[in-house]
Structure formats: C-alpha cells, structure tokens
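Worksheet: the structure to be examined is printed underneath.
The values are calculated or read from the model by the stated rules, or taken from the named source; none is laboratory data. Predicted model, so just to flag it, every value in this text is computed and none were measured. Don't worry about glycine lacking a Cβ; one is built from the backbone with ideal geometry, like all the others, and counts go over all protein chains shown. Accessible surface is based on the protein model in full, side chains and every heavy atom, while ligands, DNA and RNA are left aside. Shrake-Rupley method; radii C 1.70, N 1.55, O 1.52, S 1.80 Å.
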Amino acid sequence: MKAAACPFTGWGLLLLLGVAAAEMFLPWPWSVWALPALAALGLGTGLVCGAIPGRIWLASAALLGLIALYAWNPTHRWADGIGLQPVAHLRLLPGSASAADTWNTLGLAAAMMAAFALAFQLAPRQVCGLQLAACAGAVAMALLVLGQRFEPKRYPIYEFTGIFVNENHFAAFANLILPVVLALAARARFRAVQAGRPSSPAGLFLLGAAVLGAAVVMCRSRAGVAVLALLVAAQALLYRRLLRQHPFWEIPAWPGIRLLGWLAVAMLAVLAAAAFAQGWRHLDGFLREWYFRSGILLDAGQAWRESPVWGTGPGTFSVVYPFYQSAAFAGRTILHAHCEPVQFLTEFGLLGGLWALGAGGLALSARRRNRSPAPEIPAFAELERWAFGLGLAACGLHCLVDFPLRIPLIALLAAAWAGVWAGTRSGPREKAAAP
C-alpha cells in the first residue's frame with residue numbers, strides 16, 4: 001500500500017511529536033506511558049497498512065530486543081544507604097546496572113523507531129505538511145524564547161529557554177528545523193517562477209528563519225550560534241549550486257542582493273565569534289570549560305573500561321557515573337557526559353554499540369515501494385532531502401558537545417528527519433521531470 005493511502009502516518013507522526021513536546025508537562029502516569037503507547041499504535045498501524053519495509057521491522061526488533069535484553073538481565077540493584085550492589089546475572093549477555101532506567105530508555109527508543117517508520121512512509125504532500133507544522137512550531141517556540149530574553153530582569157537568569165531547561169537544547173532544536181524552513185522558502189520561490197507569479201510566500205518563510213536565528217543568538221548558546229553560521233553558509237552554497245544547474249529559474253534582481261546574502265553569512269560568522277568571546281572573555285573561562293568537559297569524559301572512559309564489551313546498560317549513566325566521579329567534581333551532580341558518542345559507548349559498550357549502529361544502518365538502507373519521482377525542478381532530492389540531511393548534520397554537531405538526543409522532542413524530530421531522508425532516496429534511474 002502506498003503511504004498516501006494511509007492518512008494516519010502524517011497525523012500520527014504529528015501527534016507523537018506533540019506528545020514529546022508536552023511530555024514534561026504531563027502528569028504521571030501519562031508522562032511515562034504516553035510515548036510508548038503512541039509508538040505501539042504507530043508501529044501497529046504500519047503493520048496493518050503493510051507500508052513499512054521488512055528492513056525497518058528487522059532493525060526495530062534488533063534494537064528494541066537488545067535494550068529489552070539489557071533490562072531483563074540486571075547486573076546490580078539499588079540498596080538504600082549503600083548504593084549499587086552486584087547481583088547474580090548472565091555475564092556473557094548484555095546487562096543493565098539500573099533495569100528501571102533501561103526500561104525507560106526502551107520506551108523512548110520505541111518512539112524513535114515509530115517516528116522513523118511513520119516519516120519513512122510519508123507521501124510528498126504529507127512531507128510538506130510536516131515541514132509546515134515544524135516551521136510553525138519552531139517559530140512559535142522562537143517567539144517564546146525572544147519574549148523570555150527581552151523580559152526585564154534584575155539578574156539574567158532563565159529557568160527555561162522556550163520549553164527547554166537548557167539554551168543549548170533549544171539551539172539544537174532550532175538548528176534541526178532551520179534548514180527545513182529555508183527549503184520551504186526556496187521551494188515557494190521556484191514554484192512562483194514556474195507559474196509566472198510575481199510573489200510567493202517565500203518571504204514569510206525567510207522571516208520565520210530569521211526569527212529562529214535571532215532566538216538562537218539571543219539565548220547565547222555558543223555551540224548553537226556556531227552551528228547556525230555553518231548551516232547558513234551550507235544553505236548559501238546549496239542554493240548557489242541549484243541556480244547554476246537551473247539558471248532559468250533565477251529571478252532577475254538588484255545585483256547587490258547577492259552581496260547582501262554573503263554579508264549575512266559573514267555577519268553570522270562574526271556573531272558566532274562574538275558569542276564565544278562573550279562566554280570566554282578570559283583564558284580562565286576557556287580553561288574551566290575545557291577541564292569540566294574533559295574531566296567528565298575521562299571519568300566516563302573509566303566507567304567504560306570496567307564494562308567495555310556490553311557497557312553499563314542504556315540510560316544508566318547518571319546512576320553509574322557517581323562511582324567513577326573524580327575529586328574535581330565532588331559535590332556536583334553529573335547526569336550526562338555532555339558528549340553523545342562517549343555516553344553511548346559507556347552505556348552500550350563496544351559490542352552493544354556496534355549492534356545498535358548496525359540496526360540503525362539497516363533501517364536507513366530500507367527502500368520504499370511504489371514511489372514515483374517528484375515532477376518538480378529542482379527535484380525533492382536536490383532541495384528538501386538535502387535540507388533534512390543538513391538538519392541531521394547540525395544535530396550531530398550538537399551531539400559532540402551536549403546531549404540533545406536525551407530530550408524526547410529532539411530525539412523524535414531527528415528520527416523523523418532520518419525517516420524522511422531514507423524514504424525519499426532516489427532510485428538509480430530516477431530523474432526530475434522536464435519543465
């Protein structure tokens with residue numbers, strides 16, 4: 001069955017993302033069971049429709065089965081007043097130092113696989129609807145952030161950045177969506193030229209992108225501004241390539257407009273440098289940040305060396321880390337490694353990590369059936385698919401210095417973007433239709 005014949009895919013994905021956004025505000029037990037329940041519903045609908053390829057089912061079973069095996073084979077139990085105590089377990093199999101935390105991770109992993117599978121099935125119009133919904137939600141969040149930052153305060157201390165408790169998480173969220181918003185603007189412009197219309201909604205999408213960028217700058221996330229500058233530069237190069245390939249689509253304009261475009265890229269580079277300079281005005285600030293992050297990574301490495309093959313179990317970092325916490329962090333609560341690859345390796349180990357990465361690669365290698373090429377120029381693969389890929393690349397950069405995938409909304413958005421990217425892969429002979 002074609003994705004277009006299953007209308008639940010689009011609405012189901014939006015519902016899943018909406019619940020992820022509201023998860024922190026949901027009362028118990030809804031906050032625990034909402035995402036897993038919707039994930040089961042989404043995968044069940046895919047089973048009924050028959051639109052999910054076998055590779056995605058196999059990848060989901062491999063990943064979720066691995067996490068369930070970790071939780072089923074606990075290596076420790078928590079004793080009040082004592083801490084983690086070893087228990088009898090099967091040593092050759094993966095095990096978890098905190099079965100409860102691993103079961104919670106299983107729910108998030110199931111939601112991510114459901115978001116990937118639903119996004120993989122989306123028809124072209126549904127993908128456009130997803131882009132519009134993401135644009136509207138991101139701009140609303142950016143306006144909330146700007147309102148928080150412009151609110152007069154005696155002390156510039158902010159408990160929230162939008163709905164996020166950390167400005168870096170909002171920046172990761174915004175940079176994940178920004179390329180998709182810019183793709184909407186470019187597509188609107190190309191369609192207007194094709195139809196001979198003098199105007200298009202491209203300006204509104206560009207305004208939304210500007211609001212997103214302004215919110216990232218105002219929240220003063222150094223990594224966010226740096227990634228934002230890279231994204232804008234990458235988009236400028238992408239559009240330059242598109243216009244060279246399809247020169248007949250370019251609208252005659254004032255020659256200085258190109259100069260303004262490159263000035264905008266240069267301005268973002270200056271803003272990125274200024275954000276770093278403001279955060280680290282002195283060498284001491286830079287050194288403190290370096291010692292903080294490198295110290296956590298060294299301690300996490302020590303935890304991994306204790307369980308190098310299977311790790312300590314998904315979701316157990318915050319429970320295990322205090323037992324390896326160095327004296328430099330005495331009295332501090334460290335919940336994450338501030339580097340997703342290191343935390344992933346600590347929790348999954350070498351063999352578990354390879355298993356999980358293999359499952360992810362298997363899902364990404366899936367192919368859709370009964371898919372016809374897009375009749376537009378530039379083709380979807382030349383514009384929108386690149387935008388989804390750039391968003392994933394931006395999220396990957398944030399993962400090197402933070403833990404965005406531990407936030408359900410960002411994790412599910414990244415999974416959905418990966419699903420769209422995989423589901424819109426061009427075949428070997430697929431070409432754009434003639435104008």
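What the table shows:
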{"quantity": "Any hit, the stretch 293-314, residues being farther than 23 Å from L405 by Cβ and modelled with pLDDT under 80", "calculated": "no"}
{"quantity": "Test for N168: is it under 15 Å from the mean Cα position of the chain (by Cα), part of a helix (DSSP H, G or I) and modelled with pLDDT of 95 or more", "calculated": "no"}
{"quantity": "Checking A393 against (1) out of contact with any Phe, Trp or Tyr (no Cβ under 8 Å at 6 or more places or on another chain); (2) modelled with pLDDT of 95 or more; (3) within 23 Å of L335 (Cα to Cα), the condition it does not meet", "calculated": "(3)"}
{"quantity": "Residue identified as polar (S, T, N, Q), out of contact with any Cys (no Cβ under 7 Å at 6 or more places or on another chain) and in a loop (DSSP other than H, G, I, E, B) among T346, T333", "calculated": "T333"}
{"quantity": "Inter-residue pairs, beta-carbon under 6 Å, first more than 22 Å from P408 (Cβ to Cβ) and open to solvent by less than 30 Å² (accessible area, probe 1.4 Å) and in the stretch 35-58, second outside any helix (DSSP H, G or I) and modelled with pLDDT of 80 or more, 6+ apart", "calculated": "P53/A366"}
{"quantity": "Any hit, the stretch 67-87, residues being under 27 Å from the mean Cα position of the chain (by Cα), farther than 16 Å from N104 by Cα and among the hydrophobic types (A, V, I, L, M, F, W, C)", "calculated": "no"}
{"quantity": "Out of L392, L383, sole residue that is closer than 30 Å to A233 by Cα and crowded, with 21+ Cβ neighbours inside 10 Å", "calculated": "L383"}
{"quantity": "Selection count, the stretch 295-328, where residues are within 17 Å of D101 (Cα to Cα) and polar (S, T, N, Q)", "calculated": "3"}
{"quantity": "Search result, residues across the stretch 304-352 that are more than 25 Å from H89 (Cβ to Cβ) and free of Cβ contacts under 8 Å to residues at least 12 places away in the same chain", "calculated": "A327, A330, G331, R332, T333"}
{"quantity": "Residue check for R191: part of a helix (DSSP H, G or I) and modelled with pLDDT under 95", "calculated": "yes"}
{"quantity": "Qualifying residue in the stretch 65-72 (condition: without any contact (Cβ under 8 Å) to a residue 12 or more places away in the chain, in a loop (DSSP other than H, G, I, E, B) and out of contact with any Leu (no Cβ under 7 Å at 6 or more places or on another chain))", "calculated": "no"}
{"quantity": "Only listed residue being buried (at least 21 other Cβ atoms within 10 Å of the Cβ) and at positive phi, chosen from G224, G162", "calculated": "G162"}
{"quantity": "Residue match in the stretch 354-376 (condition: more than 15 Å from A59 (Cβ to Cβ), under 23 Å from the mean Cα position of the chain (by Cα) and either at pLDDT 95 or above or part of a helix (DSSP H, G or I) (or both))", "calculated": "no"}
